[in-house]
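What follows is one structure encoded as structure tokens, with my remarks underneath.
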Amino acid sequence: MMKMNRRTLLQMSAASVTLSVALPKLAAAQTIDELVIAYNVNLPQWDPTTGPSAVNPTIQGIYQSVFDQYILQQPDLAPAPGILTDWGWNEDRSEVWMDVREGVKWHDGSDLTAEDVAWSLARVAQEETGSPIQFVWGTLANHRVEGNRVIADVAQFDPTIFKWMYFLTGYVLPKAYYERVGPGGFEAAPIGSGPYMVERFERNAFIRLKANPHYWGQKPEFESVTIKFVTDAGSRVAEIESGNSHVTLEVPYEEFDRLKNRAGLGGVAHPVSDIGMIFFNDIDAMLDDNVRKAAVHAVDKQLIIDRLLSGYGVALHTLQTPEYIAFDPTIEVEYNPDLARELLAASGYGPNNPVRFTVQTTRGFKPKDFEMIPAIVGMWRRVGIEAEIEVYEVAKHFELRAADQLAPAAFYNWGNSVGDPTTSTGFAMFGPSPHAVWDGEDLIAKIAPLWGEADEEKRIQGWKDVDRYIAENAYVLPLLQYVQPILHASGVKVVPHTSGALLPHLMTRA
Amino acid sequence: MLVQRLLMRLATTLVTLLGVAVIVFVVIRVVPGNPIAMMLPPGATAADIDRLRALYGLDKSIAEQFFIWLGGVVRGDFGTSISTRQPVLSLVLGRLPATLELATLALFIAVALGGLLAVIGTRRRGTRTEAAIDVANGVGLSVPDFLWGLLLIILLGVVWPVFFISGRVSPQLDLPVVTNFYLFESVIRLRLDLTANLLAHMLLPAVALALPLAAIIAQLLKQALKETMHVDYVTLARTRGYGETRVILREALPNAVLPTLTLVGVQFTFLIGGTVIIERLFSYEGLGNMAIDAVINRDLPLIQGIVIVFAVLFTLVNLLVDLTYALLNPRLRHG
């Protein structure tokens, strides 16, 4: 047995400290064996199907590393065969059917079967599980298995049901394992069928992932991945600059530009399914068509993108981005301050007699959210709109929006990683939705029939028509599509995903 | 006498904690930000909102919610976190050791650095060294801890990357620990590689927390030492031929340290409060970092749990300082 005296102890301590503090430098200098990602948010819980965090879009990338969705979503948002290889409705749309991929294994080596798929769907259809999307999954009932096929009755027709299968909470969980260990056991040791297995999870600190040897898709290139939770943007910049992490995301655009061409580093900036917009509430001055239209025509979106976002953004005219299926490039709302002045004059307003209202915004919730509003207010002032800025926390925004008590104008960002018009224009603009702010009966009447439209072509055209109607009447002010900045070590090739999910299994050695 | 004081303090501590509980409970329910609105998925209906409110007990009156919560606390049940769906007590107690270790290390650094500067400043009083120490104290006091943190990250994490700038321990390291006091346990188990790794992670945040406190200690202790250097027993020690350093350390310091001790106790509570920002900056997995997430998510049960634990800590530290002061001060010790 080693004899320990004071001198040995001090020597060992000194050697250990020297070795330990040298580690950050070594990690940067060597070829990448273990990929280290500095992630921007913490992971609150592992179950991706129930509880409030299951609908948090910022953690879906972690979930998708461990769990498979029913249907795979490709980086351009298009669906592809995943756990389900084929799917559809029967002729009278009273049933859905789904064929389950064979040969898929759970992380514990057991087989993923059609039973797992049926159980996963039936589970989240029950209110008591705490599924936040129960109102969607509950439209299917009587889930049953016939060979390798899952069949369910359609309790209420929803044309987007299969889209939800690659959207929030659309994950397949292991029936036998979950029932054996229970919710607590699952949180402690989650297993899925995704490209990575959870090796270690330290809450608020990091996750260590190990490649799933049984993965049905392409095997991940990096055998081990560590995801560190670094919630401060400045600290994430320091992480990548110091070589402590190989990949990070959501850094300030100025830092992205500073570091993307630096030796040993690279950068990818890709438009994602997240947009900045200003809700108009149907109160006070916003009830005047001319005021709303003037407020829209007075804003030079491209100038905001160029000056405030270093050019990282895509100007929008509707709530659809070019990647969404209902995007219509023919809908354009021109920047025309002269027209804005004319419209205001018609209602008796002008620079000397401005129309006044409040515009609310968050500060620091999204890149340059607060900075954008004074810029817009300045543009409005030139045409005869005097807006008072009110800053609030995003929690307050949610509360006011749910209670339909937002100011006449309120900045917000809207994510729609599935790219369907129901989850952008639909929920944002349909009056009865707690997310909608504009409650005009004319718009409700136009949107209502589209929820259950079975003819896909007709449905998409319907939403395009609604978008055109909204643009013509200026019921909302769409601003821009966000671009996600990703910084990475030059030894890593990152494939960005339009949903904004950072997926380690898509990363390869450069 | 001492027992009486202790009992009195315990009684006032309980009343303080109850007051804190009431204030926190009411305030976080009155301030803007409805946790249910925060978790609404797209497509949720008014019925969904009602269902969620009932699920989290938010459909009852504030008074009703408070007494349900208080009843749970008495039984050791602080409720369930809304965002993580884990028991609040286990979440909070799981993170508390990390914060305590960080704050304790920061306190050690502050006391050692502040004490050293005070002694050197007293020993070299009237020279440029004392002036330099006064300037350093001024800088230490005027720069807030988070700014020290940023500076340390840039200097010792980026420009000269010799320390870790995020986390508490390297994920690659095996952690054969049974408690969450990693540093303490690694020393006990003689896992010195782990100790070194933990220190390499903790040093920068601890120094950032320690610098302002070190400046306060240095200034106060130096002042107290300078006053003590003129009293009779110190002069007597000098006439016995003792060297100046020995006079300071053996004669002046034990008497001068009492007011500093009280200050250190009070400042330690502020230091624990300071961990909130520093832990965030260094992505350190402590209670402070968790507190920010809880506030962002409007996780009411978790916010309550964290504030109560902080309040317990503060009152315990104050109690400990009072008792230590009573033990060290002969006038109080002998009643």
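The values are calculated or read from the model by the stated rules, or taken from the named source; none is laboratory data. All figures in this text were calculated on a predicted structure; none of them were measured in a lab. Reconstructed Cβ throughout: ideal geometry from the backbone, glycine too, with neighbour counts over all protein chains shown.
Things worth noting here:
- Any hit, the stretch A:227-244, residues being of a type in the set (Ser, Thr, Tyr) and modelled with pLDDT of 95 or more: no
- Set side by side, the residues A:Leu168, A:Leu209 differ, and just one is in a strand (DSSP E or B), within 11 Å of chain B (Cβ to nearest Cβ), within 23 Å of the chain's Cα centre (by Cα) and buried (at least 18 other Cβ atoms within 10 Å of the Cβ), which is A:Leu209.
- Residue that is surrounded by the fewest Cβ atoms within 10 Å (Cβ to Cβ) [pool: residues in the stretch B:73-99 that are among the hydroxyl-bearing types (Ser, Thr, Tyr) and in contact (Cβ under 8 Å) with a residue 40 or more places away in the chain]: B:Thr80
- Criterion violated by A:Pro190 - all others in (1) within 14 Å of chain B (Cβ to nearest Cβ); (2) in a loop (DSSP other than H, G, I, E, B); (3) over 30 Å from B:Pro171 (Cβ atoms) satisfied: (3)
- Given (1) more than 14 Å from chain A (Cβ to nearest Cβ); (2) buried (at least 18 other Cβ atoms within 10 Å of the Cβ); (3) not aromatic (Phe, Trp, Tyr), index of the condition B:Glu279 fails: (1)
- In summary, B:Leu194 fulfils each of the numbered conditions (1) among the aliphatic types (A, V, I, L, M); (2) in a helix (DSSP H, G or I); (3) within 27 Å of B:Ala218 (Cβ to Cβ) with the single exception of condition (3).
- Among (1) modelled with pLDDT under 95; (2) within 18 Å of the chain's Cα centre (by Cα) - the single one A:Pro351 does not satisfy: (2)
- Top-ranked residue of the stretch B:286-322 - restricted to ones that are under 17 Å from B:Thr104 (Cα atoms) and among the β-branched types (Val, Ile, Thr), ranked as farthest from the other protein chains (Cβ to nearest Cβ): B:Val321
- Condition met for A:Phe229 (touching a Ser or Thr at 6+ places or on another chain (Cβ under 7 Å) and free of Cβ contacts under 8 Å to residues at least 60 places away in the same chain): no
- Of the helices (runs of 4 or more DSSP H) lying entirely inside the stretch B:74-165, not one carries at least 2 residues that are more than 10 Å from chain A (Cβ to nearest Cβ), in contact with a Pro (Cβ under 6 Å, 6 or more places away or on another chain) and under 20 Å from B:Phe181 (Cβ atoms).
- There is at least one residue in the stretch A:367-380 that is modelled with pLDDT of 95 or more, surrounded by fewer than 20 Cβ atoms within 10 Å (Cβ to Cβ) and among the β-branched types (Val, Ile, Thr).
- For B:Met229, the test of being among the aliphatic types (A, V, I, L, M), away from every other protein chain (no Cβ under 14 Å) and under 30 Å from B:Pro259 (Cα atoms) is passed.
- Residue in the stretch A:430-445 that is modelled with pLDDT under 90, within 18 Å of the chain's Cα centre (by Cα) and closer than 17 Å to A:Lys301 by Cβ present: no
- Residue check, A:Glu221 outside any loop (DSSP other than H, G, I, E, B), acidic (Asp, Glu) and surrounded by fewer than 20 Cβ atoms within 10 Å (Cβ to Cβ): no
- The sole residue among B:Val187, B:Val177 that is among the aliphatic types (A, V, I, L, M) and part of a loop (DSSP other than H, G, I, E, B) is B:Val177.
- Residue match in the stretch A:433-454 (condition: surrounded by fewer than 17 Cβ atoms within 10 Å (Cβ to Cβ), in contact with a Phe, Trp or Tyr (Cβ under 8 Å, 6 or more places away or on another chain) and within 18 Å of A:Ile278 (Cβ to Cβ)): yes
- Between A:Gly276, A:Gly267, the distinction of being touching a strand residue (DSSP E or B) at 6+ places or on another chain (Cβ under 6 Å) and either under 27 Å from A:Ser65 (Cα atoms) or among the hydrophobic types (A, V, I, L, M, F, W, C) (or both) belongs to A:Gly267 only.
- Look at the stretch B:191-206: where a residue is more than 17 Å from B:Ile277 (Cβ to Cβ) and more than 7 Å from chain A (Cβ to nearest Cβ) and a partner is among the charged types (D, E, K, R) and assigned to a helix (DSSP H, G or I), sitting 6+ places away or on another chain with Cβ atoms under 9 Å, you get B:Arg191/B:Glu185; B:Leu194/B:Glu185; B:Leu198/B:Glu101.
- Residue under evaluation A:Gly130, criteria (1) among the small types (Gly, Ala, Ser); (2) surrounded by fewer than 18 Cβ atoms within 10 Å (Cβ to Cβ); (3) within 11 Å of chain B (Cβ to nearest Cβ), criterion not met: (2)
- Index of the failed condition, B:Arg53 passing every other in (1) surrounded by fewer than 19 Cβ atoms within 10 Å (Cβ to Cβ); (2) modelled with pLDDT of 85 or more: (2)
- Hits in the stretch A:233-249 (condition: at the interface with chain B (Cβ under 7 Å from one of its Cβ atoms), buried (at least 24 other Cβ atoms within 10 Å of the Cβ) and outside any helix (DSSP H, G or I)): A:Asn244
- Neighbours by Cβ (under 7 Å, 6+ apart or cross-chain): first from the stretch A:333-359, at negative phi; second part of a loop (DSSP other than H, G, I, E, B) and among the β-branched types (Val, Ile, Thr): A:Tyr335/A:Val299
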